[in-house]
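The values are calculated or read from the model by the stated rules, or taken from the named source; none is laboratory data. The shown structure was predicted, so the numbers you read here are calculated from the model rather than taken from an experiment. For neighbour counting, all protein chains shown are included, and Cβ atoms are generated from backbone atoms with ideal geometry for every residue, glycine included. All accessible areas refer to the heavy atoms of the entire protein, side chains included, with ligands and DNA or RNA removed. Shrake-Rupley method; radii C 1.70, N 1.55, O 1.52, S 1.80 Å.
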Amino acid sequence: MSDGHRQQGAYCGELIAERAGTEEIAAAAARLRAAAASGVPCAPVRDLIGGWDQDAAYAVQRAVLDGRLADGARRVGHKIGLTSAAVQRQFGVHAPDCGVLLDSMVHTDREPLDLGLFLQPRIEAEVAFVLGRDLEGPWVTAAEVIAATDFLLPALEIADSRIADWDIRITDTVADNASGGAVVLGTTPRPLAAVDLPGLGMALDHRGETVSTGSGAACLGTPVAAVTWLARAAARRGDPLRAGDLVLSGALGPMVPVTGPGVFRARLDGLGEVHADLVRADAADATEGSAS
């Protein structure tokens, strides 16, 4: 990037980009793809696209996802991040961000999930919306979200970062598909009208210990508000929410680092339970090999 494309930023004395060019966007996408392929986290991409240019960050996100779609992945929905006011203050922003869900990211309750798929996993409980109709246009209303929702499921999102040590700013996480890793879905659907979403309580357990608690009100006041924001943002970016889409509506409580194998269980009032069974496939393979 030439000096003409940079200016001294007003935030923390950083150099930030006025506008990242196609070369910087391509370089950032290549860096993230290499980290995912190698399993080795990379340096932040904000040195290439700046720390605050979210349009450039979403362009990087699209470039990485286009590569995965070209390799045969299938888009199945969207996810929202940064729904907590405290996390927004941490990143210096006043709105959430969003990413795309691919078929390879979605797993079923109690399905063994190999930790080797992730670089730096963290886990959080969420409400998943499954849509029965499209949500188009930049001014989707909450009433339209409610009417379009076919059913709800309890979910566990396994967030992951291709950026080393989670050293991220807003552009790093947006470029990295909103730090998306995987989602584990419960299998008992509930109608939205049967669930008090703002009042919904959540408890996340690991090995018999409660490691995170929260509520629906922690997600922009209610997960419906989060999905409404997402529907508007996705429409403005030319990728509106469609019938059949799976939508992760944002964390209900603090994110928890995943430090090793084990089962995480989330209990969501009115929605039931969902379990993420995290295993090390390489350890199992080694055990089988020694026994043969």
Exercise for the section: Have a look at Ala147, Ala182, Ala175 and point out the one that is without any contact (Cβ under 8 Å) to a residue 24 or more places away in the chain and either surrounded by fewer than 24 Cβ atoms within 10 Å (Cβ to Cβ) or not β-branched (Val, Ile, Thr) (or both). Expected result: Ala147
Problem - Pairs, first part of a helix (DSSP H, G or I) in the range 58-74, second open to solvent by 90 Å² or more (accessible area, probe 1.4 Å) and at pLDDT 95 or above, C-beta under 7 Å, six or more apart - result: Val64/Arg33; Gly67/Arg33
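Matching residues to (1) out of contact with any Leu (no Cβ under 6 Å at 6 or more places or on another chain); (2) aliphatic (A, V, I, L, M); (3) more than 23 Å from Cys98 (Cβ to Cβ):
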| position | (1), (2), (3) |
| --- | --- |
| Gly180 | yes, no, no |
| Leu192 | no, yes, no |
| Asp196 | yes, no, yes |
| Ala217 | yes, yes, no |
| Arg265 | yes, no, yes |
Practice task
Check every one of the strands (runs of 3 or more DSSP E) wholly within the range 180-226 and list those with 1 or more residues that are in contact with a helix residue (DSSP H, G or I) (Cβ under 7 Å, 6 or more places away or on another chain) and among the β-branched types (Val, Ile, Thr).
Solution key: 182-185
Problem - Test: residue in the range 88-104 that is under 18 Å from the mean Cα position of the chain (by Cα), at pLDDT 95 or above and over 16 Å from Leu241 (Cβ atoms) - result: yes
Problem - Restricting the range 77-104 to residues that are over 21 Å from Arg236 (Cβ atoms) and either charged (D, E, K, R) or not in a loop (DSSP other than H, G, I, E, B) (or both), the residue that is most open to solvent (accessible area, probe 1.4 Å) - result: Arg89
Practice task
Consider only pairs whose beta carbons are under 6 Å apart and that are at least six residues apart or on different chains; among these, list those whose first residue lies in the range 189-200 and is within 16 Å of Ala128 (Cβ to Cβ) and at pLDDT 95 or above and whose second residue is of a type in the set (D, E, K, R) and exposed (fewer than 12 other Cβ atoms within 10 Å of the Cβ).
Solution key: none
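Residues Ser249, Ser215: which one is buried (at least 21 other Cβ atoms within 10 Å of the Cβ), hydroxyl-bearing (Ser, Thr, Tyr) and either modelled with pLDDT of 95 or more or out of contact with any strand residue (DSSP E or B) (no Cβ under 8 Å at 6 or more places or on another chain) (or both)? Before the answer, list the steps.
Details: Ser215 fails: buried (at least 21 other Cβ atoms within 10 Å of the Cβ).
Sole residue among the options that is buried (at least 21 other Cβ atoms within 10 Å of the Cβ), hydroxyl-bearing (Ser, Thr, Tyr) and either modelled with pLDDT of 95 or more or out of contact with any strand residue (DSSP E or B) (no Cβ under 8 Å at 6 or more places or on another chain) (or both): Ser249.
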Completion exercise
Contact list, first residue from the range 100-112 and farther than 21 Å from Asn177 by Cα and acidic (Asp, Glu), second anywhere and in a strand (DSSP E or B) and open to solvent by 50 Å² or more (accessible area, probe 1.4 Å), beta-carbon distance below 9 Å, six or more apart or interchain, is Asp109/Glu273
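For the range 219-231, state whether one or more residues are open to solvent by 50 Å² or more (accessible area, probe 1.4 Å) and of a type in the set (Ser, Thr, Tyr).
Looking through the range 219-231, none of the residues is open to solvent by 50 Å² or more (accessible area, probe 1.4 Å) and of a type in the set (Ser, Thr, Tyr).
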Practice task
Taking Ile158 as the residue in question, decide whether it is in a strand (DSSP E or B), among the hydrophobic types (A, V, I, L, M, F, W, C), in contact with a Gly (Cβ under 7 Å, 6 or more places away or on another chain) and in contact (Cβ under 8 Å) with a residue 12 or more places away in the chain.
Solution key: yes
